[in-house]
Amino acid sequence: MLNGYSGSANPVIALTAENNVSKRTQIRKGARPHLYIKEWMDHLGVSDDQLAGRLGVASRTTVWKRYTEQQRLDLGKIQDIAEALGVSVHQLNFAPGTPSLDALVENATADQRAMAADVLRRLLGKASQLRLTKQAAEVRSRQYMTACPWEKIDRFTSPGGLRRFESWIADQIAAGVAAELVAPANERMIVGERWFEHLASGSLWRLVPADGPLAPGFWPIAEERK
């Protein structure tokens with residue numbers, strides 16, 4: 001036995017013949033995908049002579065060249081062959097008996113459909129995540145190019161001034177201009193202190209409460225670290 005071959009004939013001759021058949025249906029690298037013309041002819045029981053008659057060409061040699069030298073076929077000739085065989089151009093891209101996508105869906109079990117739906121959800125989620133990550137990076141990049149318009153407040157002159165400020169910063173957060181942050185654990189904090197980020201610039205600010213050891217105020221953290 002040689003490569004699965006068994007029988008009384010010479011295996012070397014058999015393999016050589018098999019390779020020759022394979023070579024006849026190959027197309028050169030870089031050409032269009034293989035068209036299953038000969039496979040469909042065999043499947044439908046159409047001989048070279050019969051296809052030649054349907055195409056109105058001179059001889060079976062012309063037909064043989066059309067399915068062995070596929071790189072020479074233009075779309076018009078491919079359509080003519082498909083019509084002569086009674087199949088669509090799309091079908092010529094697949095071997096006979098290859099189930100269509102509609103058939104696969106129709107005949108799938110409930111478990112197979114659930115698995116396919118899960119895979120699709122995961123793929124869509126991954127694509128969405130990558131898209132959002134890219135968009136976030138672009139937004140972040142534009143944000144850091146924007147100067148922060150907030151102004152430092154050394155101290156609030158009255159409790160009413162502090163309340164008006166707290167109302168204003170709440171409006172900034174609601175409008176998507178600012179975000180309140182949780183300060184890093186290694187930062188020395190005053191009880192009741194609050195941190196904010198101006199999103200368009202990425203700058204960090206702190207609001208010191210009225211009952212703290214420092215006068216109540218609002219100032220950029222970067223300024224403190226200089």
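Things to note:
- Test result for Arg66, over 39 Å from the mean Cα position of the chain (by Cα), more than 30 Å from Leu120 (Cα to Cα) and either modelled with pLDDT under 85 or surrounded by 12 or more Cβ atoms within 10 Å (Cβ to Cβ) (or both): no
- Only one entry of Val105, Val57, Val46 meets the criterion of being surrounded by 10 or more Cβ atoms within 10 Å (Cβ to Cβ), more than 30 Å from Ala178 (Cβ to Cβ) and at pLDDT 85 or above, and that entry is Val46.
- One residue from Arg155, Arg163, Arg142 being modelled with pLDDT of 70 or more, of a type outside the set (A, V, I, L, M) and in a helix (DSSP H, G or I): Arg163
- Residue list for segment 164-189, filter: among the charged types (D, E, K, R), surrounded by fewer than 13 Cβ atoms within 10 Å (Cβ to Cβ) and under 39 Å from the mean Cα position of the chain (by Cα): Asp171
- If the condition is being at pLDDT below 90 and within 18 Å of Arg163 (Cβ to Cβ), then segment 181-204 contributes Gly192, Glu193, Arg194.
The values are calculated or read from the model by the stated rules, or taken from the named source; none is laboratory data. Everything numeric in this text was worked out from a predicted model, so none of it was measured. Here the Cβ is made from the backbone with ideal geometry for all residues, glycine too, and neighbour counts use every protein chain on show.
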